[in-house]
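Data block below; observations after.
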Amino acid sequence: MQDNKVDVVTLGESMILFQSYNQGALQYEPLFTKSLAGAESNVAIGLSRLGKKVRWIGRLGSDPFGDLVLTTLAGEGVDVSHALRDPEAPTAVYFKDFKRYGDPAVYYYRKGSAASRLAPDMIDETWLQGAGHLHVTGITPALGEHTAAAVRKLMELAREKGLTVSFDPNLRRKLWSEEQARETLLSLIPLCDIFMPGDEEAEFLLGPQEIEAYGRAFLDMGPKVVAMKLGAEGSIGFTQKTVVRAEPFPVERLIDTVGAGDAFASGLLSVLLDRREELSTGIGEESLHEALRRANLLGSMATQFKGDWEGLPTLAEVQTIQGGQKQVTR
Ligand code: KDG
């Protein structure tokens, strides 16, 4: 095996996340904890913990927060050697405001960030060197016209080079208009092999339809696998040959839903990338079910911890949980 072989490359904006320590109202909370966030780096960490070699690409400010992004990712075993630094723009930050009900609200401070200045002429072929798969989300294209063009260019380059590509629309309404979001996200779907929308994102993209109609419509756009998150109902997967439903895993203590979709993506990809040959011939029902079950498990685990990715399991933990064994803890 070559040294520079990586299973997955991902590109996106990573930020420093401040969350209120007591989960109180944001404006009066005196204490904050600081951590890393960013959909693509959440997936990178999830996959790395599951034993995959992952390379994260992004632009960071030449500031201490940029350093923290790199040291956290490197500490999680993610290759950050291709990350870019911008001496003229900052690393972005964002705040989570926990609610007594529903999802936390998020407040971004990311306009003009180093990552938002990503442009197509910065895309470098060496980012994909030794890699089998590219994972991107709809967040980077939402940062601006140049970032959208850069993501498109990288997806096209990956396909040209024979990598498989996954795409999570990760709709973030605070970042762009509905029209722009719908048009751009729909235009990127044909460039991926694995598409992972949530049911609400599917409705946003295609209008109200039956769940199975969404699956067929997305498959007709080009992806070989559509894996749809159904929240508390688990998930459903579609290929040209099969439709598979997977039961959810119970959530015993719901703490923080942000990052659950990224956890789902990590779980799904970790199984599908172990079955690469099936990706070209057609993922079988059993493999798809296993991928969805692991995705559901990771999604449920992510919601039971504060933070986007801190609760994600290692491969050994997944095997223990799915094998129904008791963990030896002391
Ligand atoms: O999916 C989790 C992300 O939403 C979070 O980490 C922050 O990347 C982020 C974003 O843009 O919302």
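The values are calculated or read from the model by the stated rules, or taken from the named source; none is laboratory data. Only a predicted model underlies this, so the values are computations on that prediction, with no experimental measurement involved. Methodologically, a virtual Cβ is constructed for each residue, glycine included, from the backbone with ideal geometry; neighbour enumeration extends over all protein chains shown. In case anyone asks, the SASA skips ligands and DNA or RNA and just uses the protein heavy atoms, side chains included. Shrake-Rupley method; radii C 1.70, N 1.55, O 1.52, S 1.80 Å.
Restricting segment 106-128 to residues that are out of contact with any strand residue (DSSP E or B) (no Cβ under 7 Å at 6 or more places or on another chain) and within 16 Å of R172 (Cα to Cα), the residue that is nearest to the ligand (Cβ to nearest atom) is S116. A residue that is within 16 Å of the ligand (Cβ to nearest atom), on the phi > 0 side of the Ramachandran plot and in a loop (DSSP other than H, G, I, E, B) occurs somewhere in segment 82-105. Scanning segment 265-286 for residues that are more than 21 Å from the chain's Cα centre (by Cα) and part of a helix (DSSP H, G or I), which turns out surrounded by the most Cβ atoms within 10 Å (Cβ to Cβ)? Top of the filtered list is E278.
Among the residues of segment 106-124, those that are part of a helix (DSSP H, G or I) and of a type in the set (A, V, I, L, M) comprise A115, M122. Candidates are the residues of segment 10-41 that are touching a helix residue (DSSP H, G or I) at 6+ places or on another chain (Cβ under 7 Å) and in a strand (DSSP E or B); the one that is nearest to the ligand (Cβ to nearest atom) is L36. Among the criteria (1) in contact with a Lys or Arg (Cβ under 9 Å, 6 or more places away or on another chain); (2) open to solvent by 10 Å² or more (accessible area, probe 1.4 Å); (3) over 15 Å from S14 (Cα atoms); (4) touching a residue at least 60 places away in the same chain (Cβ under 8 Å), the one L47 does not fulfil is (2).
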